[in-house]
Amino acid sequence: VQLQASGGGLVQAGGSLRLSCAASGSSFSGYRMGWYRQAPGKQRELVATITSVGVTNYVDPVKGRFTISRDNIKNTVYLQMNSLKPEDTAVYYCNAYRFYGRQYDYWGQGTQVTVSS
């Protein structure tokens, strides 16, 4: 699976962005998809995940502001980010994960999100 993230940019606090991650390869619908982020000087952290059947999970700092979704026809996962805060500034990465006999774990190249105060 190859992942191509897009949609990052510069936005003022309170604004919105929508990230997309297009997947190529087979069996996209079988993967749990996730968005992670890494701020300067910090470790990469989980933001949100969505299972193959659409069950979502969010970390507390983004609950109520971010929405993860997927389109298994377009092989794309999205992250709608509203009410953005300066602390959301980071490089955002998409991830595809499944366990099928062995672990399959793939990462996209990252897209920069910068929120100005």
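The values are calculated or read from the model by the stated rules, or taken from the named source; none is laboratory data. A quick note: this is a predicted structure, and the numbers were derived from the prediction, not measured. So basically every Cβ, Gly included, is an ideal-geometry build from the backbone, and we count neighbours across all protein chains shown. SASA here: full protein model, heavy atoms, side chains in, ligands and nucleic acids out. Shrake-Rupley method; radii C 1.70, N 1.55, O 1.52, S 1.80 Å.
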**Asked** Going through region 30-89 one residue at a time, which ones are open to solvent by 80 Å² or more (accessible area, probe 1.4 Å) and either among the hydroxyl-bearing types (Ser, Thr, Tyr) or closer than 16 Å to SER6 by Cα (or both)?
**Response** LYS74
**Asked** Taking the stated definitions as given, is ARG32 basic (Lys, Arg), within 30 Å of GLY14 (Cβ to Cβ) and under 14 Å from the mean Cα position of the chain (by Cα)?
**Response** no
**Item:** Condition check for LEU19: open to solvent by 30 Å² or more (accessible area, probe 1.4 Å), at negative phi, in a strand (DSSP E or B) and not basic (Lys, Arg)
**Value:** no
**Request:** Being of a type in the set (Gly, Ala, Ser) and modelled with pLDDT under 95 is the filter; apply it to region 90-109 and report the residue that is surrounded by the most Cβ atoms within 10 Å (Cβ to Cβ).
**Result:** GLY108
**Asked** Across region 46-57, what is the total count of residues that are over 11 Å from the mean Cα position of the chain (by Cα) and under 20 Å from LEU17 (Cα atoms)?
**Response** 2
